[in-house]
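A.B. asks: Structure in structure tokens, see below.
The values are calculated or read from the model by the stated rules, or taken from the named source; none is laboratory data. If you're wondering where the values come from, they're calculated on a predicted model, not measured in any experiment. We place every Cβ from the backbone using ideal geometry, glycine too, and count neighbours over all the protein chains shown.
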Amino acid sequence: MKILLEYCQGCKKHINQDAYGYKDNFFWVIDGATDVFDNHYLSPLGDVYWIVQKLNNALKKGNTKSSLKEFVSAAIREVQLEALAKVPNINQIAINKLPTYAICCVKYTQGFLEYLCLGDCSLFISKSPTTRYTDTRIQPFHLQVNEVKEQYKNNSEQYRAHVLEIVREIKNFINIENGYWIGILDPNIVEHAIIGNVEIEEKDRFVICSDGFRPSIDEANLIYFESKDIFIRAKLQTILEQQNLEENNYLLKTGIDISDDKTVLLVEI
């Protein structure tokens with residue numbers, strides 16, 4: 001397998017809360033959910049940044065002989081123990097006040113790519129370029145946020161205030177039935193992940209990314225490109241540059257920053 005592109009760039013609103021990595025036949029992207037309560041139980045740099053970095057480091061030390069679920073849950077367990085050592089009563093804090101993250105982790109075995117998704121990180125495969133493998137359970141809540149964004153898009157001050165309000169409300173639906181599932185400090189969360197596998201052949205390519213890339217482009221409709229272009233390194237780089245440019249133009253025009261941390265990993269089998 002060959003890594004064709006590694007891209008991880010933070011937005012200007014906060015420290016980069018994305019991370020990515022790979023080890024042997026495992027590859028992953030982690031997207032920290034921006035902390036709307038500005039808590040610092042675990043780090044002065046922010047709890048979301050802390051958990052993303054710790055999880056990324058734990059995955060890099062993982063046992064690649066294990067199953068995909070075991071690989072991810074073991075890393076989360078390691079981070080959980082470190083968090084408990086720092087904040088012994090952390091399990092008594094309301095879940096909506098604690099750091100959360102989306103993750104897409106894949107494992108390649110001969111002829112198949114197995115995927116595990118929690119939250120809205122995504123997997124795309126070159127043999128079916130329009131198909132997005134992800135966790136769609138969060139989409140109804142994204143639609144609520146998008147409605148608020150559309151309503152207040154002409155007033156940057158009200159936009160920021162009302163978006164913050166709706167996102168805080170949505171946090172009450174974390175990891176409950178009829179809510180949405182997302183990564184937390186509990187390793188048992190992998191039991192609620194979206195898991196599947198897809199056939200993949202030699203020379204096929206795949207992309208895993210955080211929602212600052214493809215989902216953001218698709219929703220904002222800022223630029224146009226063919227789905228197959230993201231599997232060609234040079235074209236993918238151009239798309240990322242165009243996205244950054246158009247997001248900056250939108251900020252200059254409206255005073256609203258719609259950018260997000262972006263992470264993209266392009267791999268050839």
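A.B. asks: Which ones in segment 177-216 are of a type in the set (V, I, T) and under 26 Å from Q53 (Cβ atoms)?
C.D. replies: I182, I184, I189, V190, I194, I195, V207, I208
A.B. asks: Being modelled with pLDDT of 95 or more and more than 20 Å from E219 (Cβ to Cβ) narrows it down to one of F112, F124, so name that one.
C.D. replies: F112
A.B. asks: How many of the residues making up segment 36-60 are closer than 20 Å to C105 by Cβ, touching a residue at least 24 places away in the same chain (Cβ under 8 Å) and out of contact with any strand residue (DSSP E or B) (no Cβ under 7 Å at 6 or more places or on another chain)?
C.D. replies: Selection size over segment 36-60: 2.
A.B. asks: Here are some conditions: (1) touching a helix residue (DSSP H, G or I) at 6+ places or on another chain (Cβ under 7 Å); (2) modelled with pLDDT under 95. G21 meets all but one. Which one does it not meet?
C.D. replies: It is condition (2) that G21 fails.
A.B. asks: In addition: Would you say Y115 is closer than 23 Å to F173 by Cα, aromatic (F, W, Y) and in contact (Cβ under 8 Å) with a residue 40 or more places away in the chain?
C.D. replies: When the stated conditions are applied, Y115 does not pass them.
A.B. asks: Any residue at all in segment 90-98 that's under 19 Å from I30 (Cα atoms) and not in a helix (DSSP H, G or I)?
C.D. replies: yes
A.B. asks: Is it the case that segment 109-127 has a residue that's assigned to a loop (DSSP other than H, G, I, E, B) and touching a Lys or Arg at 6+ places or on another chain (Cβ under 8 Å)?
C.D. replies: The initial filter retains those residues of segment 109-127 that are assigned to a loop (DSSP other than H, G, I, E, B), namely 110-111, 119-121, 126-127.
Checking the rest, the ones that are also touching a Lys or Arg at 6+ places or on another chain (Cβ under 8 Å) come to 126.
Yes, some residue in segment 109-127 is assigned to a loop (DSSP other than H, G, I, E, B) and touching a Lys or Arg at 6+ places or on another chain (Cβ under 8 Å).
A.B. asks: Quick check, is L185 under 20 Å from I30 (Cα atoms) and either touching a strand residue (DSSP E or B) at 6+ places or on another chain (Cβ under 8 Å) or not in a loop (DSSP other than H, G, I, E, B) (or both)?
C.D. replies: The answer is no for L185.
A.B. asks: So, one more: Which of (1) surrounded by 14 or more Cβ atoms within 10 Å (Cβ to Cβ); (2) in contact with a helix residue (DSSP H, G or I) (Cβ under 9 Å, 6 or more places away or on another chain) is the odd one out, the single condition L113 does not satisfy?
C.D. replies: The single condition L113 does not satisfy is (2).
A.B. asks: Another question, then. With the requirement that a residue be buried (at least 20 other Cβ atoms within 10 Å of the Cβ) and outside any strand (DSSP E or B), what does segment 1-34 give you?
C.D. replies: Q17, A33
A.B. asks: Contact list please: Cβ distance under 8 Å, first residue in segment 141-169 and more than 21 Å from I95 (Cβ to Cβ), second residue among the small types (G, A, S) and not in a helix (DSSP H, G or I), pairs at least six apart or on different chains.
C.D. replies: S156/G255
A.B. asks: Moving on to the next point. Give me a count of the residues in segment 150-202 that are closer than 23 Å to L116 by Cα, polar (S, T, N, Q), loosely packed, with under 13 Cβ neighbours inside 10 Å and in contact with a Ser or Thr (Cβ under 9 Å, 6 or more places away or on another chain).
C.D. replies: 1
A.B. asks: Pull out all pairs, ordered by first then second residue, where Cβ-Cβ is under 7 Å, the residues are six or more apart or on different chains, the first lies in segment 208-232 and is more than 21 Å from C104 (Cβ to Cβ), and the second is part of a helix (DSSP H, G or I) and modelled with pLDDT under 80.
C.D. replies: I223/I217
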